[in-house]
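Visitor: Pasting a structure below so you can have a look.
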Amino acid sequence: MSTRGAIALPTPESGWWGRYHHTDSYPAGLGRELYRLYHHTFERDHTAMAQTLIADHPAGWSCLLYLGDDASGPFTRADFDLSGFVGASSPIRGHYPACYCHGQRNEPAQRLTCRCPRDQNGCGPIDIEWAYVLTAEGMWVITSHTADHHRPVHRFVDRVIWEEAEPDWRRMEQDVRTGALPAGDDVASPSRQASSD
Ligand SMILES: [Zn+2]
Ligand SMILES: [Zn+2]
């Protein structure tokens, strides 16, 4: 299922920039997977995680979720070394993370930069429904879902602290979709809440 997302870093202007992620980017999909990758694959090193997920694959990702047996995932660092796009008929489809810059794709770098709410003409990547901003302390969850009468804007949903218990990802998404999350139209940007990095 295509749910547009971004894997991102804070910017000095108190917003975020990142790389596109195409498949299952809602909290119970990509959000949960990033939490797993931090703990299992990148062994609590958010710098190494950002290097692999953001710097090394500048065209972004089709899918970096491990979709096999849960106990066998997430993808390992060795798997990430073999990242690349393969066609739907390939026997190794889904065996490695699928990006748009390696394998059968050679697409140019794409930098998604959120300009909410400073730019009143709207944010470039506003069609990014979910963004996950990686920091040393945790991961800020951002969404562009909003009540119908509000103009779309990226807003802060939650901060997931790496060393705290894993959140209820489905509930997080439900709270956004049902409007349980207060629908102010200003973004609490991640770096305004984080004092550093
Ligand atoms: Zn790549
Ligand atoms: Zn934005």
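The values are calculated or read from the model by the stated rules, or taken from the named source; none is laboratory data. Just so it is clear, the model here is predicted, and its values are computed rather than measured. Virtual Cβ from ideal backbone geometry, glycine too; neighbours counted across all protein chains shown.
Visitor: Kindly establish whether Thr76 is out of contact with any strand residue (DSSP E or B) (no Cβ under 7 Å at 6 or more places or on another chain) and within 13 Å of Ile7 (Cβ to Cβ). Working first, answer last.
Guide: On the way: out of contact with any strand residue (DSSP E or B) (no Cβ under 7 Å at 6 or more places or on another chain): yes; within 13 Å of Ile7 (Cβ to Cβ): no.
No, not satisfied.
Visitor: In the stretch 118-141, what count of residues is obtained for those that are at pLDDT 80 or above and in a loop (DSSP other than H, G, I, E, B)?
Guide: So the first thing to find is which residues in the stretch 118-141 are at pLDDT 80 or above, and the list is 125, 127-141.
From the residues that got through so far, the ones that are in a loop (DSSP other than H, G, I, E, B) too are 125, 127-129, 135-137.
Of the residues in that region, 7 qualify.
Visitor: Run down Gly94, Gly87 and say which single residue is more than 16 Å from ligand 2 (Cβ to nearest atom), over 19 Å from the mean Cα position of the chain (by Cα), assigned to a loop (DSSP other than H, G, I, E, B) and not charged (D, E, K, R).
Guide: Numbers: Gly94 fails: over 19 Å from the mean Cα position of the chain (by Cα).
So the residue among Gly94, Gly87 that is more than 16 Å from ligand 2 (Cβ to nearest atom), over 19 Å from the mean Cα position of the chain (by Cα), assigned to a loop (DSSP other than H, G, I, E, B) and not charged (D, E, K, R) is Gly87.
Conditions (1) surrounded by 14 or more Cβ atoms within 10 Å (Cβ to Cβ); (2) not in a strand (DSSP E or B), marked per residue:
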| residue | (1), (2) |
| --- | --- |
| Leu9 | yes, no |
| Gly29 | yes, yes |
| Arg32 | yes, yes |
| Arg36 | yes, yes |
| Arg44 | no, yes |
| Met49 | yes, yes |
| Pro58 | yes, yes |
| Tyr66 | yes, yes |
| Ala71 | no, yes |
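Visitor: Tell me which residues, restricted to the stretch 73-91, are under 13 Å from Arg105 (Cα atoms) and surrounded by 13 or more Cβ atoms within 10 Å (Cβ to Cβ).
Guide: Selection gives Ser83, Gly84, Phe85, Val86.
Visitor: Note down all Cβ pairs under 7 Å where the first residue falls in the stretch 125-137 and is within 17 Å of Ala165 (Cα to Cα) and charged (D, E, K, R), the second is more than 14 Å from ligand 2 (Cβ to nearest atom) and not in a loop (DSSP other than H, G, I, E, B), and they're at least six residues apart or on different chains.
Guide: The qualifying pairs are Glu137/Ile161.
Visitor: Ok, one more. Taking the stretch 97-117 on its own, how many of its residues are part of a strand (DSSP E or B) and away from ligand 1 (no atom under 16 Å from the Cβ)?
Guide: First, pick out the residues of the stretch 97-117 that are part of a strand (DSSP E or B): 98-99, 103, 112-113.
Narrowing the set further to residues that are away from ligand 1 (no atom under 16 Å from the Cβ) leaves 113.
Residues that pass the stated criteria total 1.
Visitor: Pull up the stretch 99-115, narrow it to residues that are of a type in the set (Lys, Arg) and within 16 Å of ligand 2 (Cβ to nearest atom), then point me to the one that is surrounded by the fewest Cβ atoms within 10 Å (Cβ to Cβ).
Guide: So the residue we want is Arg111.
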